[in-house]
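Read through the structure below, which is laid out as structure tokens, and then see the notes.
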Amino acid sequence: MKKFLLLFLLISSSVMAAEQITIRDINNGTFAEERIAAARPLSDGESYAQISSDGKQIVKCSFKTGKQTGVLFDANNVRGAKIDRVEGYIMSPDGKRMLIQTNTKPIYRRSFTATYYIYLIENNKVEPLSDGGPQQVPIFSPDGNQIAFVRDNNIYLVKLLYDNAESQVTKDGEFNKIINGIPDWVNEEEFEFNTAMTFNADGTMICWLKYDESRVKQYSLQTFCGMEPANEEYAVYPGNYTYKYPKAGEDNSKVSAWSYDIKSHQTRQLDIPLDADGYMPRIFTTNDPAKVVVYTMNRHQDNLSIYTVNPRSTVSQLLMKEQVDKYVTNEVMESIQFTDKHIVMLSDRDNYKKIYVYSPVGSLQRTIDMGQHDVIHLYGIDDASGDVYFQAAGVNPMNREVYVGHQNGKVEKLTQKEGINSAIFSSNYKYFIHNWSDINTPPTIELCTNQGKTIATMVDNKNLRQKLSSYSLSSKEFFKFTTSEGVELNGWMIKPAGFSASRQYPVVMFQYSGPGNQQVLNSWSSGAVARGAMFCELMAQQGYVVVCVDGRGTGGRGADFEKCTYLKLGQLEARDQVETALWLGKQSFVDKNRIGIWGWSYGGYCTLMSMSEGRGVFACGVAIAPPTSYRWYDTIYTERYMRTPKENPQGYNDNALTRASKLNGQLLICHGIADDNVHIQNSIEYSEALVQADKDFRQLFYNNRNHSIYGGNTRNHLFRQVLNFFDDNLKK
């Protein structure tokens, strides 16, 4: 007995001696890892550019050595306008100019305005891109002598060889009515892009997508004075931000494609077949001046068509079609690449994602197949050799490796360490920047040859590793189990500081669970708030077992596993989280009566669905910014997985709102009032359902905060409420 007491005291004293993680440390960047800022390969194939750590310079580095070889831009030594900090940059195709991004102001998730400056590298001079106000999505012409950009929903053209003369290309742009050259809210959010215009190959034409959102219904976000920042104009009466947001089953924008002849000033509508309610999710240039590429997709999103279009004659020709069961994923659409000799893309048409290599006219030449493993990301094809470079989950769903698929059919692994390996290749595919981390190790960044040989280590995060060593962090451990339905699920677990197998601990389960998402990855960014899952580690230091399990519908395990939740979002996912809790409750070190669950966005939805699934396994849960009925979410995302409410009433009617009377356990709901993505309508209507079902709950609203709920002290307050709520309900 004395020996046991002594051992307990020794363990307790060592835990007490270690530094303790705080919520403020998590949010103020104490655990932020070192990275390379905005690394981009240059056209010479031997160099890449990056922003210096102080944000003052854009430097040129060698792929051969990793050493700096020059300074492309220095804010302290340029002639012309004063620039305090570089927030982004765009290189011209000929490498002679840059656009320097400053004064960036977010609009939605991917859209922003900024003040751009034209920088001529040769004479070290900066000039404003435009004096007419902030700009969006500037693009260079292929010869680097013209720049097009968007302002106030209209396209403008700047001719650099004519003293930066500016002209207006479109004049019909109007907020909440017509948008030129950039996507509307729902297309930006769910097709994951922010630029909808391009030059043709010889720079004589500008082509773009136009969104007519006149018939799209509006949603208004109420805006208050608030703090950090304060909106003094709303000090007495609140205001409204009203924008177009098409909810499931409602009218979308009418999209069309257009061209503008820079010399003749003639505008033409491009003749592209499109369903009355169809989408145009991308527009690209090609190396042929007579061809631009436009994607179209039907409203069900199971049929992606790729057209080449002549911007002068307006005639289109179908090049390729991708038609699959259920839906085409964004990852497939985003993967498609066009070169002089090939078209390359991913497809899950045969369950696991493979690479398909086509000729320029769309004839299939070969397939790169990883067997029962998904290809995750396509880096590109070297036209000279035919080698295709890509990332795959080639070992298991939790890891990622970088591979090359040779012309002769041989596939070679270029990275050997278990974990998440990713790459940025040089423009000639001779080198790559290799980023690696695992679930317990911060990232390292190396330079490698295209055979996988390490040339130099550029970032090792040694300082962060030393800092972390003083906190006595618990290692995250992977595990798997099989549910009562015979489904094998992957997870990770963090055990408490001073863990003893003879004790029973409370458990907090974190999950996201949305379609194609993965939280169970062998990556430093896995877990709540990323950065080594430090919020999860904080919970472990407070005595919790922290668990994360990817249920059915998540990614990395083929289309059959990912798409099995089709037409019934939240149902299988919730069952799998309940099964996780039941399995945990059978472990000797878990107190089955003290298991909680939480998540953000879709993870909040799955939290509510799991707590009202019927088996009553959760003592409590926290839902942050949750959708509560997908009837209130946007068209593109929701209908991709659910079709429309008219087509699938049964699927839509099984949701958190209709399950409110079945809620079991204590609940905290948190939501930002200015959430433009998952509207606060979801939490307000759900709370009313709980009231009418006579269910007790807690609710926190955050003033003027969006879906990310941040600004000022907001994140510190939010995470403290989450932690305190679990303490109040799991440590009694």
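The values are calculated or read from the model by the stated rules, or taken from the named source; none is laboratory data. Keep in mind it's a predicted model, so treat the numbers as computed, not measured. Cβ atoms come from the backbone with ideal geometry, glycine included; neighbour counts cover every protein chain shown. Quick note on the areas: whole protein, heavy atoms, side chains included, nothing else; ligands and nucleic acids left out. Shrake-Rupley method; radii C 1.70, N 1.55, O 1.52, S 1.80 Å.
Is it the case, given these coordinates, that Leu567 is touching a Gly at 6+ places or on another chain (Cβ under 7 Å), outside any strand (DSSP E or B) and at positive phi? Step through it out loud before you land on a result.
Values: touching a Gly at 6+ places or on another chain (Cβ under 7 Å): yes; outside any strand (DSSP E or B): yes; at positive phi: yes.
Taking the combined requirement at face value, the residue satisfies it.
Can you tell which of Asn677, Asn648, Asn653, Asn682 is open to solvent by 40 Å² or more (accessible area, probe 1.4 Å) and not aliphatic (A, V, I, L, M)? Write out each step before concluding.
Working: Asn677 fails: open to solvent by 40 Å² or more (accessible area, probe 1.4 Å); Asn648 fails: open to solvent by 40 Å² or more (accessible area, probe 1.4 Å); Asn682 fails: open to solvent by 40 Å² or more (accessible area, probe 1.4 Å).
Only one candidate passes the filter, namely Asn653.
For region 274-282, check the following and say yes or no: at least one residue is closer than 20 Å to Tyr358 by Cα and either open to solvent by 30 Å² or more (accessible area, probe 1.4 Å) or in a strand (DSSP E or B) (or both). Reasoning before the result, please.
Taking region 274-282 first, the residues closer than 20 Å to Tyr358 by Cα are 282.
Filter once more, so that each one left must be either open to solvent by 30 Å² or more (accessible area, probe 1.4 Å) or in a strand (DSSP E or B) (or both): 282.
Looking through region 274-282, at least one residue is closer than 20 Å to Tyr358 by Cα and either open to solvent by 30 Å² or more (accessible area, probe 1.4 Å) or in a strand (DSSP E or B) (or both).
Do we have Val294 as open to solvent by less than 10 Å² (accessible area, probe 1.4 Å), touching a residue at least 24 places away in the same chain (Cβ under 8 Å) and closer than 29 Å to Asp634 by Cα here? Outline the logic, then answer.
Values: open to solvent by less than 10 Å² (accessible area, probe 1.4 Å): yes; touching a residue at least 24 places away in the same chain (Cβ under 8 Å): yes; closer than 29 Å to Asp634 by Cα: yes.
For Val294, the condition - open to solvent by less than 10 Å² (accessible area, probe 1.4 Å), touching a residue at least 24 places away in the same chain (Cβ under 8 Å) and closer than 29 Å to Asp634 by Cα - is met.
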Among the candidates Arg24, Arg85, Arg35, Arg110, which residue alone is among the basic types (Lys, Arg) and part of a helix (DSSP H, G or I)? Arg24
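Within region 620-636, identify whether any single residue is among the β-branched types (Val, Ile, Thr) and surrounded by fewer than 24 Cβ atoms within 10 Å (Cβ to Cβ), and answer yes or no. Quick ask: steps written out before the conclusion?
Quick first cut of region 620-636, residues among the β-branched types (Val, Ile, Thr) only: 622, 624, 628, 635-636.
From what's left, surrounded by fewer than 24 Cβ atoms within 10 Å (Cβ to Cβ): 636.
Within region 620-636, one or more residues are among the β-branched types (Val, Ile, Thr) and surrounded by fewer than 24 Cβ atoms within 10 Å (Cβ to Cβ).
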Taking region 619-667 on its own, how many of its residues are touching a residue at least 40 places away in the same chain (Cβ under 8 Å), among the hydroxyl-bearing types (Ser, Thr, Tyr) and either assigned to a loop (DSSP other than H, G, I, E, B) or over 18 Å from Ala689 (Cβ atoms) (or both)? 8
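Restricting the search to region 706-732, which residues are part of a helix (DSSP H, G or I) and farther than 17 Å from Leu667 by Cβ?
Initial filter on region 706-732 (part of a helix (DSSP H, G or I)): 714-730.
Residues satisfying the conditions are Thr714, Arg715, Asn716, His717, Phe719, Arg720.
Could we say that Lys64 is farther than 30 Å from Thr242 by Cα and of a type in the set (Lys, Arg) here? Talk me through it step by step, then tell me what you get.
Numbers: farther than 30 Å from Thr242 by Cα: yes; of a type in the set (Lys, Arg): yes.
Spelling it out, Lys64 is indeed farther than 30 Å from Thr242 by Cα and of a type in the set (Lys, Arg).
Limited to region 357-396, what total is found for residues that are β-branched (Val, Ile, Thr), touching a His at 6+ places or on another chain (Cβ under 9 Å) and under 19 Å from Glu562 (Cα atoms)? I'd like the intermediate steps shown before the answer.
Filtering region 357-396 for residues β-branched (Val, Ile, Thr) gives 357, 361, 367-368, 375-376, 381, 388, 395.
Now narrow it down to the ones that are touching a His at 6+ places or on another chain (Cβ under 9 Å): 357, 381, 388, 395.
Filter once more, so that each one left must be under 19 Å from Glu562 (Cα atoms): 395.
So the count comes out to 1.
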Given (1) closer than 26 Å to Phe73 by Cβ; (2) modelled with pLDDT of 95 or more, number of the condition Glu122 does not satisfy: (2)
Tally the residues that are open to solvent by 40 Å² or more (accessible area, probe 1.4 Å), within 15 Å of Ala625 (Cβ to Cβ) and among the hydrophobic types (A, V, I, L, M, F, W, C), restricting the search to region 686-732. 1
Listed residues Gly543, Gly616; which is touching a strand residue (DSSP E or B) at 6+ places or on another chain (Cβ under 7 Å), part of a loop (DSSP other than H, G, I, E, B) and either of a type in the set (A, V, I, L, M, F, W, C) or surrounded by fewer than 21 Cβ atoms within 10 Å (Cβ to Cβ) (or both)? Gly543
Among the listed residues Ile433, Ile439, Ile455, which satisfies the condition of being surrounded by 15 or more Cβ atoms within 10 Å (Cβ to Cβ) and over 30 Å from Gly95 (Cα atoms)? Ile439
Give just the number: which of (1) touching a residue at least 24 places away in the same chain (Cβ under 8 Å); (2) open to solvent by 30 Å² or more (accessible area, probe 1.4 Å) does Lys586 not satisfy? (1)
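Hey, among Lys96, Lys82, Lys60, Lys125, which residue is under 31 Å from the mean Cα position of the chain (by Cα), open to solvent by 50 Å² or more (accessible area, probe 1.4 Å) and not hydrophobic (A, V, I, L, M, F, W, C)?
Working: Lys96 fails: under 31 Å from the mean Cα position of the chain (by Cα); Lys82 fails: under 31 Å from the mean Cα position of the chain (by Cα); Lys125 fails: under 31 Å from the mean Cα position of the chain (by Cα).
Exactly one residue qualifies, and that residue is Lys60.
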May I ask you to list the residues in region 440-499 that are assigned to a loop (DSSP other than H, G, I, E, B) and without any contact (Cβ under 8 Å) to a residue 24 or more places away in the chain? Lys453, Asp460, Gly486
So is Ala423 farther than 26 Å from Gly556 by Cα, free of Cβ contacts under 8 Å to residues at least 60 places away in the same chain and either open to solvent by 40 Å² or more (accessible area, probe 1.4 Å) or under 24 Å from the mean Cα position of the chain (by Cα) (or both) or not? no
